[in-house]
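Please read the structure below before turning to the comments.
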Amino acid sequence: MESQTDSVRETTDSREAMLCSVLRLPAPPPASRAMCVSVTTPRVEQTVSQTQRGLVDKRGADHGGRVRPFKEIPHTGSNGWVNLLRFWRAGKFSQLHKHMEESFNTLGPIYREHMGSVSTVNILLPVDIGELFRAEGFLPRRMTLEPWTTHRETRRHCKGVFLKNGNEWRSDRLLLNREVMMSGAVRRFLPQLDEVAQDFCRLLRSRVEARGVALDAGHHRLSLDPSADLFRFALEASCHVLYGERLGLFSSTPSQEAEHFILSVERMLATTTPLLYLPPRLLHHLRAPLWIQHATAWDNIFSHAQSRIKKGYERVLLEQRGMCKRAEVGQGQLGGVLGQLLEKGQLSLELIQANITELMAGGVDTTAVPLQFALFELARNPELQERVRDQVRSSWKHAAGDIHKALQGAPLLKGTMRETLRLYPVGITVQRHPIRDIVLQNFHIPAETLVQVCLYPLGRSSDVFSDPTRFEPERWGNSEAGEGHEKTGFRSLAFGFGARQCVGRRIAENEIQLLLAHILLNFHLSVSSTDDLSTKYTLILLPEKSPSITFSTL
């Protein structure tokens, strides 16, 4: 995985030089420059917590009480292309989450951003988030990832629900929900996730015992960077749930195909961010290096999915022709979400491929990275770690093999996951286009405006969370736990909200919780440094450097 990490780091560093080449710009200098900030009223130096008192910033209220026009919303600069150049030269793409936090600190709880071809209104307060979601309509729309859409259209692939809108999105989404979101579906794939999590811990334990330092009473201790293993775990678990097959990634010689898939997903994510603010079709026609990297990564991801979907489809045909028994199918390659979708036949093979590919692409980094952050936080909070472990032990003992019951009996486990995603949200925004005019912070927002909820500043705001920098899973058992209630809701949005929330949410939530549970049952975690982790943004939030964790066998 070290070679993968180095390669991804090279991709992230080199994409700046590539985009500068496409735009005919000089390479960005190492020193940062402050981005131009424009406000329509006199500038007031305030922190986020200061501007949020009373929920409405002073700059949003007029003496006459009237709603203020859209153009008076504070902004970071009115020219999107000038802003993009400044942003690029300051090297801020990898620190977009920090830029958002700084912008709220300077401009208040609402501001406009123009970046290249994209214009947004950015918000962070729950009262505004609730107003936005109440105006999302029956067919919610979010920001379209044009680079991904352009890849599908130029390669003539069908789009999955992530890239669709309107009635077509809704009909496909309802069918997928039955296989990945409903409680019956969750109970079907819980044993598969639990099996992979237990295998992972057995492998890790054998490695710690073989390579670690011997302690008293037969215990061993080993410090390592678990990121490569967590990526393999996430891919193995996703494949088991989606395809009903194991890839064998925990063997001593994992397949090159799997390693290539992980690298392709990381490269796809790393190249998406700069492409968001540029016309991807133009770059496609120009065969710009940045676009070629992005499209090639997607081609590799689709190729990986196609080979497994083809195998599953062929087995369905054999079963229909009476050439293989259903019992054989259940024990073989076909199970999982893919098998359910193929057997029911309500989606075309092309649509199944599109959606399974999106689920696979979105189910590796977005699970493995939160696990890195969660292990780090548990390791640097030993008293909390013991409380979570004790609860997991008790719950697992009383559940008597019922995985669902075991998870239900360990609320601190879910709280740990939610607390991790509060401080380190995988995706740093949730977007909607309201279907009607709304008022946010006493500013008029026209219908169809792209409005972004900025999750990183939200999770670290002292007016939304008490003691926001403290890692405290217990907070989700009190009044801060709600997601949709008027007074306490819209604080936990890492998986989105409502009908348009992440379609793989239930898979990811249970995958994260089960692996954390089995790790806590097998190991004590510690770290050599409790300093905060530096983070970077490459479409998802990552640690600048993967933390080393010490695993001590129990």
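Please tell me if PHE93 is more than 11 Å from VAL451 (Cβ to Cβ) and surrounded by fewer than 19 Cβ atoms within 10 Å (Cβ to Cβ). Here the answer is no, as PHE93 does not meet what is asked. Condition test on ARG232, is it surrounded by 19 or more Cβ atoms within 10 Å (Cβ to Cβ) and under 30 Å from GLY312 (Cα atoms)? Yes, satisfied. All of VAL127, VAL118 fail the test of being at pLDDT 95 or above and open to solvent by 10 Å² or more (accessible area, probe 1.4 Å), apart from VAL127.
Looking only at residues in the range 425-440 that are assigned to a loop (DSSP other than H, G, I, E, B), open to solvent by 10 Å² or more (accessible area, probe 1.4 Å) and not hydrophobic (A, V, I, L, M, F, W, C), which one is nearest to ARG500 (Cα to Cα)?
HIS433
Residues in the range 207-234 that are in a strand (DSSP E or B) and of a type in the set (Gly, Ala, Ser) were compared, and the one that is nearest to the chain's Cα centre (by Cα) is SER223.
For ARG422, indicate whether it is in contact with a Gly (Cβ under 9 Å, 6 or more places away or on another chain), crowded, with 22+ Cβ neighbours inside 10 Å and in a helix (DSSP H, G or I). So ARG422 fits the description; yes.
Of the residues making up the range 492-516, those that are open to solvent by less than 10 Å² (accessible area, probe 1.4 Å) and charged (D, E, K, R) number 2. Consider VAL161 carefully, then state whether it is of a type in the set (A, V, I, L, M), surrounded by 19 or more Cβ atoms within 10 Å (Cβ to Cβ) and touching a His at 6+ places or on another chain (Cβ under 7 Å). Judged against the criteria, VAL161 is not a match.
Take the conditions outside any strand (DSSP E or B), within 13 Å of PRO226 (Cβ to Cβ), touching a residue at least 24 places away in the same chain (Cβ under 8 Å) and open to solvent by 20 Å² or more (accessible area, probe 1.4 Å) and apply them to SER546. Does it pass?
Yes: the conditions hold for SER546.
The values are calculated or read from the model by the stated rules, or taken from the named source; none is laboratory data. If you're wondering where the values come from, they're calculated on a predicted model, not measured in any experiment. Don't worry about glycine lacking a Cβ; one is built from the backbone with ideal geometry, like all the others, and counts go over all protein chains shown. Areas reflect the complete protein model, heavy atoms only, side chains present, ligands, DNA and RNA absent. Shrake-Rupley method; radii C 1.70, N 1.55, O 1.52, S 1.80 Å.
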